[in-house]
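The next block holds one structure in the form of structure tokens; read it before the comments.
Bear in mind these aren't lab numbers, they're just calculated from the coordinates by the rules spelled out. The structure displayed is predicted, hence computed values, not measured ones. Glycine gets a Cβ as well: all are built from the backbone with ideal geometry, and neighbour counts include every protein chain shown.
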Amino acid sequence: MVMDYIARKLEVNGIVQGVGFRPFVYQLADQYHLKGEVANTSSGVTISIEGTRAHISQFIKDLSEKSPPLSQIIEIIEKNQPLNRHTAFKIVKSRGQTAMSTLISPDVSICDDCLKEVLDPNDRRYQYPFINCTNCGPRYTIIDDIPYDRPKTSMKHFKMCPECQAEYDDPLNRRFHAQPNACAVCGPHVTLYGRDRERIDTEDPIHHSADLLKKGKILAIKGLGGYHLAADALNPNAVIRLRQRKRREEKPFAVMSFDMETIKKYSNVTTDEEALLTSHQRPIVLLRKKNSNNDDGPVREVSPRNQYFGVMLPYTPLHYLLLNHGFTALVMTSGNLSEEPISIDNDDAFDRLSEIADYFLVHNRDIYLRSDDSIVRRTAGEVRFMRRSRGYVPVPVFLKNKIPPILSCGAELKNTVCLTKDKQAFISQHIGDLENPSTLDFFEMTILHMKRILAVDPEIIACDLHPDYLSTRYAMCQDIQKIQVQHHHAHIVSCMAENKIDGPVIGLSFDGTGYGEDKSFWGGEVLIADLKNYTRAAHMSYVPMPGGEAAIREPWRMAVSYLVDAFGNEIPDTGVLGLKDIESRKIDIIKEMILKKINSPDTSSLGRLFDGVAALCGIRNKVAYEGQAAMELEMSAGEITNEGYDYEWSSGEVLKIKPGPIIKGVVKDIKGNIHPSIISSRFHTTLIRLFTEMCSVIHKEKDLDRVVMSGGVFQNSLLLTGMVKALEEKQFKVYTHKLVPFNDGGISLGQAVVAAAVLKNGL
Ligand code: ZN
Ligand code: ZN
Ligand code: FE
């Protein structure tokens with residue numbers, strides 16, 4: 001059986017340093033009688049092993065299935081190698097600069113061991129809200145510099161008591177070198193304040209806070225990555241008051257419940273969703289509401305006109321202690337006013353949140369880097385990020401090839417930035433909408449911070465084509481080489497990068513808005529793209545956006561625009577359409593603007609088509625947040641039907657898809673009293689058919705069989721699921737996002753990879 005004795009080299013990439021990974025590998029090798037060695041590298045570890053084929057395959061299986069809790073394996077690259085006749089298995093010491101390039105762990109939810117201790121009256125950390133260990137606790141949000149050691153974190157102000165120090169120094173202790181280690185004697189504390197900053201004298205601030213929440217009060221609570229605003233999710237008055245004070249009319253609030261059992265009382269949860277909820281990243285997961293939940297779950301004001309609740313489990317000891325007071329669910333929404341960045345600093349929180357919160361539950365462990373809760377949803381069999389932030393950042397996306405150090409500045413809304421280092425792309429936490437000065441400060445601070453903790457000094461800066469994006473303006477002021485990247489090309493390349501593919505591909509970039517090379521607003525784009533270049537193979541025909549930005553806030557304006565596009569000046573009677581609440585005088589003004597081209601920039605956006613159809617169906621004429629009308633149109637749809645509307649495109653070098661026939665079909669159905677849910681289904685079916693046929697046409701001409709899908713419109717689960725299915729039936733290979741958002745949160749990754757390709761191949 002000599003033939004069966006083989007050698008393999010494994011390159012393991014991911015978070016595998018500083019998390020007990022090499023000792024784990026050592027034990028595993030020992031278990032399977034393997035010889036060889038393991039060593040750290042700049043992007044992970046390499047393992048050389050020799051042994052029987054069966055043992056090696058079992059070893060590789062266990063490597064990913066049984067790895068230590070905080071490790072995160074991104075990929076294992078397996079290679080054959082000649083037998084080296086190792087006589088033992090060794091851990092090789094890190095060489096040179098690898099010590100400095102250790103990946104920093106994201107923040108990790110409290111582990112089961114710590115949770116047990118914090119709830120155990122006999123434990124010395126009973127009810128201590130800052131308990132943590134090597135397997136859990138804050139990381140990214142408390143680090144100021146590298147290497148990751150206590151003096152470089154916000155724990156530097158707390159000197160460990162002898163008991164904590166002894167744990168920290170003991171290699172066999174769970175708290176060996178746990179940098180944020182603390183206890184009630186030596187660590188941070190919570191304090192309760194009134195909104196006027198007067199300290200509330202209480203034995204137990206957390207218990208007191210729970211009482212206040214039960215009385216319907218709104219609390220600002222300092223958490224891991226920033227402040228939350230909390231209210232009892234089953235108290236309609238508290239929730240409505242929170243909406244009014246936060247000036248957030250309709251956008252759903254996230255809720256937090258103590259455990260899975262409670263969550264299942266008011267939401268339907270699949271096994272995959274449960275795994276996401278209980279993962280150590282603890283994201284907000286969108287869960288389908290139970291139909292009969294009215295009495296047992298969050299009140300409807302928590303997430304009005306939406307089939308989903310955004311739900312998370314507690315992720316800090318403080319959350320557990322608070323929720324452990326018999327709440328079914330607490331609203332836990334970001335501690336900010338509307339779209340501002342969330343508060344992290346105590347003074348700032350009192351300044352900005354005292355109009356919203358009645359009380360403040362504060363602590364004295366500083367947050368160095370703000371990090372919002374991540375938001376995910378399971379769609380078409382995969383995890384889809386709506387927001388990739390706390391718990392996931394700064395885990396890099398691993399690229400196919402090494403690229404130079406690049407800083408990319410992202411888009412305007414849902415901004416993230418990205419720094420690259422070798423084969424790793426570090427996408428920042430969610431920064432937000434760069435429309436206000438405080439978000440811009442946060443943007444600049446994040447860039448400085450990431451450069452420091454990742455030890456990257458970018459040689460190139462990449463940004464959007466839009467001259468007025470604040471991220472573009474920032475890039476233009478920097479004294480290094482600049483590369484501008486078209487928005488929808490960045491979307492497609494972002495998806496190509498995470499799937500590790502090169503072009504050319506067919507790229508479907510379905511989006512709200514993005515600046516085109518002809519200065520109009522693109523967003524219904526069929527591109528032929530590689531990493532460096534793209535051409536427009538097809539796009540939605542341009543229609544005017546009457547009033548520009550106002551047409552995004554008021555979808556009825558888009559409805560009028562599509563009606564004029566389909567029917568000309570003599571549009572159908574809007575009284576029978578969803579526009580019946582809009583005065584005819586206003587509609588006439590909009591028609592004038594369209595026909596005379598006054599303040600009506602052209603757009604090919606599919607997001608706007610969704611808005612327009614939603615308005616025609618009477619679903620929504622005005623929106624409180626971007627994408628709301630389109631989302632409610634999706635939510636209103638029944639099962640996808642076989643019926644669709646007619647569609648057509650004009651021939652030529654670039655195919656132009658006419659919205660007219662679709663709009664005519666919708667109008668005919670509305671006049672025929674067809675229910676909006678059926679119209680919505682037919683509309684979705686139409687788009688799926690149209691773009692699948694379009695891909696087949698391009699396939700015939702250009703022989704491309706890979707389709708890459710990106711852009712915010714694909715957050716629509718019906719459309720995404722339907723497109724994947726239809727394209728796969730036609731034998732296309734379909735690539736979608738699983739690591740970064742479809743929305744503009746993924747733009748920075750695409751910009752960096754395009755910039756690298758441009759550099760490599762010359763401008
Ligand atoms: Zn722990
Ligand atoms: Zn202590
Ligand atoms: Fe976009």
Report summary line: Per-residue Cβ contact counts at 10 Å, fewest first, order Val185, Val623 as Val185, Val623
Query raised in the report: Over all directions, what mean area does the Cα convex hull of the range 534-631 project, stated in square nanometres?
Result: 6.6 nm²
**Report entry** Label zone at Ala380, where the point sits 7 Å out along the Cα-to-Cβ direction: the range 508-538 residues whose backbone N lies under 12 Å
**Finding:** 508-510
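Please order Leu119, Leu704 by the number of other Cβ within 10 Å, starting at the fewest.
Exposure proxy ranking, most exposed first: Leu119, Leu704.
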Query - Efficiency of FRET from Cβ geometry, Thr535 and Ser57, R₀ 30 Å, rounded to 0.05 - result: 0.10
Query raised in the report: Can you give the angle from 0 to 90° between the axis of helix 555-567 and the longest principal axis of the chain, with both taken from C-alpha atoms, to the nearest 10?
Result: 40 degrees
Query - Percent of alpha-carbon pairs separated by more than 21 Å within the range 561-689 - result: 40 percent
Report summary line: For the range 265-361, inverting the pair-averaged 1/r of distinct alpha-carbon atoms gives a Kirkwood value in Å of 15.3 Å
Query raised in the report: Just the Cα atoms of the range 331-419: what Rg and Dmax do they give in Å?
Result: 16.7, 52
Query raised in the report: What per residue convex hull volume, in Å³, comes out for the range 35-82 when only alpha-carbon positions are used?
Result: 93 Å³
Requested in this report: Pop a pseudo-label 7 angstrom from the Cα along the beta-carbon direction at both Gln307 and Cys186 and give the gap in nm to one decimal.
Outcome: 5.4 nm
Query raised in the report: Where does helix 584-595 land angle-wise versus the long Cα axis of the chain, in degrees 0 to 90, nearest 10?
Result: 90 degrees
Query raised in the report: Over its Cα atoms, what ratio of radius of gyration to 2.2 N^0.38 Å does the range 640-763 give?
Result: 1.26
Query raised in the report: Per the Debye formula with a single identical scatterer at each Cα and no solvent contribution, what log10 I(q)/I(0) holds for the range 201-240 at q = 0.33 Å⁻¹?
Result: -1.07
Query raised in the report: To one decimal place, what orientation-averaged projected area in nm² is obtained for the convex hull of the Cα set of the range 410-526?
Result: 7.7 nm²
Report summary line: Along the range 474-485, Karplus-curve 3J(HN,Hα) (6.51, -1.76, 1.60; θ = phi - 60°) to the nearest Hz, with x for Gly and Pro, reads 4, 4, 5, 7, 8, 8, 10, 4, 10, 10, 9, 10
**Report entry** Set Lys414/Lys622; Lys500/Lys738; Lys265/Lys289; Lys217/Lys246 screened for pairs whose C-alpha atoms are more than 19 Å apart
**Finding:** Lys414/Lys622
Requested in this report: Please determine, in degrees from 0 to 90 and to the nearest 10, the orientation of helix 53-65 with respect to the longest principal axis defined by the Cα atoms of the chain, where the helix direction is its Cα long axis.
Outcome: 70 degrees
Report summary line: Here the equivalent ellipsoid of the chain, derived from its Cα gyration tensor, has semi-axes (largest first, whole Å) of 44, 35, 24
Query raised in the report: What ranking do Phe258, Phe521 get, fewest neighbouring Cβ atoms within 10 angstrom at the top?
Result: Phe258, Phe521
Query raised in the report: Around Val255, which amide H atoms from residues at least 5 apart in sequence, or from another chain, sit under 5 Å from its own amide H, with H modelled in the peptide plane?
Result: Gly310, Val311, Met312, Met332
Query - Against the rule of thumb 2.2 N^0.38 Å, how large the Cα Rg of the range 190-363 comes out - result: 0.97
